[in-house]
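The values are calculated or read from the model by the stated rules, or taken from the named source; none is laboratory data. Here the structure is a predicted model, which is why all the values come from computation and not from measurement. Because the Cβ atoms are built from the backbone with ideal geometry, glycine has one as well, and the counts that use them run over all protein chains shown. Surface areas here come from the heavy atoms of the whole protein model, side chains and all, with no ligands, DNA or RNA. Shrake-Rupley method; radii C 1.70, N 1.55, O 1.52, S 1.80 Å.
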Amino acid sequence: MTWQDSDLAGLFDRRPDEGVYRVNRRVYTDPVLYQLELEHIFEGSWIYVAHESQIPENGDFLTITMGRQPVIINRDMDGQINGFINSCPHRGARLCRTEHGNRKNFVCTYHGWTFASSGEAQWIQREEDGYPQPLDHVNEVGLKRVPRVESYRGFIFASLSDEVPELVDHLLGGAPYIDMLVDQAPEGFEVLKGYSSSVYNGNWKLMLENGGGDGLHPDYAHASLLGVAGRKLKRTDAIQTMQIDKMHEKEGGQWVFGNGHTGIWFNFPNPENRPIYKRLPELTEAYGEERARWMTSVFRNLSVYPNLHLLDQMATLIRTFRPLSVDRTEITFYCIAPVGEPRDERIKRLRQFEEFFAGSGMGTPDDNAEFEECQSGAEGRNLTDSYLSFGLHTRHEGTNDVARSVGIELANSGVIGYEGCTMTQYDRWLELLTQGRS
Ligand code: FES
Ligand SMILES: [Fe+2]
């Protein structure tokens, strides 16, 4: 079927004042909706693409896919970060075919056209024979640029549409949330070597919803990991797991920033087991007691719509994800750490990362298995809606004193488990799909 705007709005039963929000599960299964998402979300607005530390040297590049579009992100020989369409202007062959590398120029293997790292064509086969001179090496036969590429504190975002706001205006409260991470290290954060990827058979939004606001699942989906963490407490020589059981009994909440971005936070019962905790005195001196406590001792999930989870909690990591099809999604995890971190803190950080998030970790398979079960459930046609209403009736509109204390403006907020976080993701989904088509 083709989707009209009214059909799209009709997928949601949105009555937060009555404490009810339902989502029609076709959002996870419909191939036409999926194509609209690629066009208007992944190819039509800001998405997260890379961290600057992944391309530290001039000439470094990496290849990614934005929606359906292969893209090169590079640092050119003048040190500027660029995004280029990874497709030769001649006949369209992909120029870069490796995940990352270092090149002063890009050579197309099909007919040999060569491009500078700044995108300008440097050499065109039989140029004088074949084309009227002079040939414009930038606009006519140069690499096509991704219209918008901007960084916020090392995190690079890009948009294939030019009609997007400045990145910082897009991020809203996500920006000060990122500050609380990056300010922990005088020389900033870096992505550590290597990464871990997994693919699950389910729609991409299942991952987004989980990390962006599902504070209800850890005690159940991650019960086995929590059991291991509990038993480890008796082993005083072990690197301890950060405790996330019964999150709702701690002081905490779930925050909605706007533009589909959300956050989860609660006070860790065992902050002393975090590698950054040792720096509490110096961070207190630099940023004051309350902000330093937030940086070292508070579980913080940030979800930047549509494809970034920046987690500073059981470990510190970037989790990014991309749709492969309507019912397949690739997730990639990058452990991040302060530049120049002491060895003992780095070891602790890596072990905590591996325990939950890496390919061999205990947490990710739990979540992926549940996403696949949700996808199977959504394929049926006899229970059309998911009931995503937790905490709506007690939500708080506008910002609050806790958020204000760390310089964050909120659209609304709720208790741990608040499914208004999912509602705001779909509000954004609807906005992008309907605006993009108007
Ligand atoms: S397709 Fe690249 S040079 Fe022809
Ligand atoms: Fe989980």
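Before moving on, here are some points about what is shown:
Listed here are the residues, each with its yes/no results for (1) out of contact with any Cys (no Cβ under 7 Å at 6 or more places or on another chain); (2) under 15 Å from V182 (Cα atoms); (3) not charged (D, E, K, R).
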position	(1), (2), (3)
T296	yes, yes, yes
L311	yes, yes, yes
R322	yes, no, no
R328	yes, no, no
A337	yes, yes, yes
P342	yes, no, yes
E345	yes, no, no
G359	yes, no, yes
T364	yes, no, yes
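- A292 being among the aliphatic types (A, V, I, L, M) and open to solvent by 10 Å² or more (accessible area, probe 1.4 Å): no
- Restricting attention to segment 42-83 and to residues that are of a type in the set (F, W, Y) and under 26 Å from V326 (Cα atoms), the residue that is farthest from ligand 2 (Cβ to nearest atom) turns out to be W46.
- Within segment 164-261, strands (runs of 3 or more DSSP E) holding 2 or more residues that are within 30 Å of D401 (Cα to Cα) and modelled with pLDDT of 95 or more: 252-258
- Each residue in segment 333-346 was checked for being open to solvent by 10 Å² or more (accessible area, probe 1.4 Å) and among the β-branched types (V, I, T), and 1 pass.
- No other residue among R148, R126 is charged (D, E, K, R) and touching a Gly at 6+ places or on another chain (Cβ under 9 Å) apart from R148.
- For segment 7-29, a tally of residues being outside any strand (DSSP E or B) and over 21 Å from Y200 (Cα atoms) returns 9.
- For V32, the conditions (1) surrounded by fewer than 16 Cβ atoms within 10 Å (Cβ to Cβ); (2) not in a helix (DSSP H, G or I) are fulfilled apart from (2).
- If only residues of segment 127-163 that are outside any strand (DSSP E or B) and hydroxyl-bearing (S, T, Y) are counted, the one that is least open to solvent (accessible area, probe 1.4 Å) is S161.
- Residue list for segment 198-251, restricted to those being of a type in the set (F, W, Y) and touching a residue at least 12 places away in the same chain (Cβ under 8 Å): Y200, W204
- The set of residues from segment 262-275 being in contact (Cβ under 8 Å) with a residue 24 or more places away in the chain and either over 15 Å from G414 (Cβ atoms) or more than 23 Å from the chain's Cα centre (by Cα) (or both) comprises N267, F268, P269, N270, P271, N273, R274, P275.
- Y195 fulfils the conditions (1) open to solvent by 40 Å² or more (accessible area, probe 1.4 Å); (2) within 21 Å of the chain's Cα centre (by Cα); (3) in the same structural domain as I64 (by TED's automatic domain parsing) except for a single criterion, (3).
- Test for E190: is it surrounded by 15 or more Cβ atoms within 10 Å (Cβ to Cβ) and not assigned by TED's automatic domain parsing to the domain that holds I64: yes
- Flag for T114 being open to solvent by 90 Å² or more (accessible area, probe 1.4 Å), among the β-branched types (V, I, T) and in the same structural domain as Q69 (by TED's automatic domain parsing): no
- Screening L430 on (1) in a helix (DSSP H, G or I); (2) at pLDDT below 95; (3) of a type outside the set (K, R) shows it passes everything except condition (2).
- E140 more than 16 Å from ligand 2 (Cβ to nearest atom) and either outside the structural domain of W123 (by TED's automatic domain parsing) or over 21 Å from the mean Cα position of the chain (by Cα) (or both): yes
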